[in-house]
Amino acid sequence: MAAKLQRVLDEISQQMRASTDWGEVASYIPELGEVRPDQFAISVATADGGLFSAGDFQTRFSAQSITKVFTLAIALGRAGDQLWHRVGREPSGTAFNSIVQLEHEQGRPRNPFVNAGAIVTTDEVLAGREPREALAEFLGFVRAAAEDDDIHINADVARSETAHGHRNAAHAHFLASFGNLKNPPEKVLGTYFHHCATEMTTQQLAKAGRFLIGTGSYPRMVSLDRVRRLNALMLTCGHYDGSGEFAYRVGLPAKSGVGGGILGVVPGQASIAVWSPGLNRNGNSKLGTEAMEQLAREMDWSVF
Ligand code: DON
């Protein structure tokens, strides 16, 4: 499989680099608006310990919403199934930053991947501590999963989002008004903006995502039972209102980020990280989605 996988990644990378439409980089976080769109990287970490890459796989990018998977894993470790009293497990059918459902549904966000839901899981991780302590736990989890201590938070990106994060601030205060925040909104938001600003290369992200494969030689961060549930949520909610389309086209659990990254999982076989900063209409990486679709087809990888 190794030779075929490397050849497929090289072909995908070459093809993506020849693209004339890279999509639009996110600009609502000004610091992310500065990123050059014509970049592409892909890495695959296999259950048996292999690591394969092509393209700009040594360039760090902003993981953004992909970090919500790690925050959820930590929050579940802390709260167990009690967490589900505070946040649901259904696709939202709305954009990642939509606020309308929150009022109709009494401040219980639809799922842990829309922003409101991730603010709740972040609140659970914060647990009465100072943001730097919660962030140390978060980074400790990601570094241990990746077996790489050279993973950091970009403070400029966090600051840039804090200065323009009115929508998320509205979410946090709205949640607090329903009694669904245990910590002060400012501390929860500070923690949330910082974990979203974690930077990784695709190699680091693919390695950090191995714990979601379920079998193989890498650090086991959570139980197998929980791995299955995290994958179920990634499949149904990982791409927001584009989740059905992604499941149809790619057929793998995955989580996107507005920095242009996608973390995908082939249960029992591999973890995939792809990055290209230009986004499609749904706010997910344009070429990243195309690359995932092609990789899944060529390797015959699908959960269906
Ligand atoms: O809260 C936000 O808007 C960002 N920190 C994360 C959003 C994001 O990555 C959406 N995913 N595609």
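Pairs of lysine residues in the chain that meet both criteria, 8 or more places apart or on different chains and Cα atoms under 28 Å apart, total 13. Here, region 36-144 yields an orientationally averaged convex hull projection of 9.4 nm² when only Cα atoms define the hull. Going from the fewest other Cβ atoms within 10 Å to the most, the residues 84, 275 appear in the order 84, 275.
If you look at the Cα atoms of region 33-92, you get an Rg and a Dmax of 16.7, 43 Å. Radius of gyration (Cα atoms) of the chain, expressed as a multiple of 2.2 N^0.38 Å: 0.92. Calculate how steeply helix 131-146 sits against the longest principal axis of the alpha-carbon atoms of the chain, using the helix alpha-carbon long axis, and give the answer as 0 to 90 degrees to the nearest 10. Orientation of helix 131-146: about 20 degrees from the principal axis.
To make sure I understand, if each residue's beta carbon is the centre and we count other beta carbons within 10 Å, what order do 215, 202, 20 fall in, fewest to most? Working shown, then result.
Numbers: 215 13, 202 30, 20 5.
By the 10 Å Cβ count, ascending: 20, 215, 202.
Note on region 235-304 and region 97-142: Cα centroid distance 23 Å, given to the nearest whole angstrom. Counting every alpha-carbon pair across region 203-290, the share separated by more than 17 Å comes to 44%. I'd like the orientation of helix 166-177 relative to the chain: the angle between its Cα long axis and the longest Cα principal axis, in ° from 0 to 90, rounded to 10. The answer is roughly 50 degrees. Sorting 110, 281, 7, 60 by the number of Cβ atoms found within 10 Å of their own Cβ, with the fewest placed first, yields 281, 7, 60, 110. In region 65-198, the C-alpha radius of gyration followed by the widest Cα-Cα span (Dmax) gives 13.8, 43 angstrom. Across region 112-118, coupling constants 3J(HN,Hα) worked out from phi with the 6.51/-1.76/1.60 Karplus curve, θ = phi - 60°, read x, 9, 5, 3, 4, x, 6 Hz, and Gly and Pro carry x. Only one residue of 33, 227, 135 has its Cα farthest out toward the positive end of the dipole of the chain, where Lys and Arg carry +1 and Asp and Glu -1 on Cβ, and that residue is 227.
Any read-out appearing in this document is the output of simple, stated calculations on the displayed coordinates, not a laboratory observation. Predicted model, so just to flag it, every value in this text is computed and none were measured. Every residue, glycine as well, gets a Cβ built from its backbone with ideal geometry; the counts of neighbours run over all protein chains shown.
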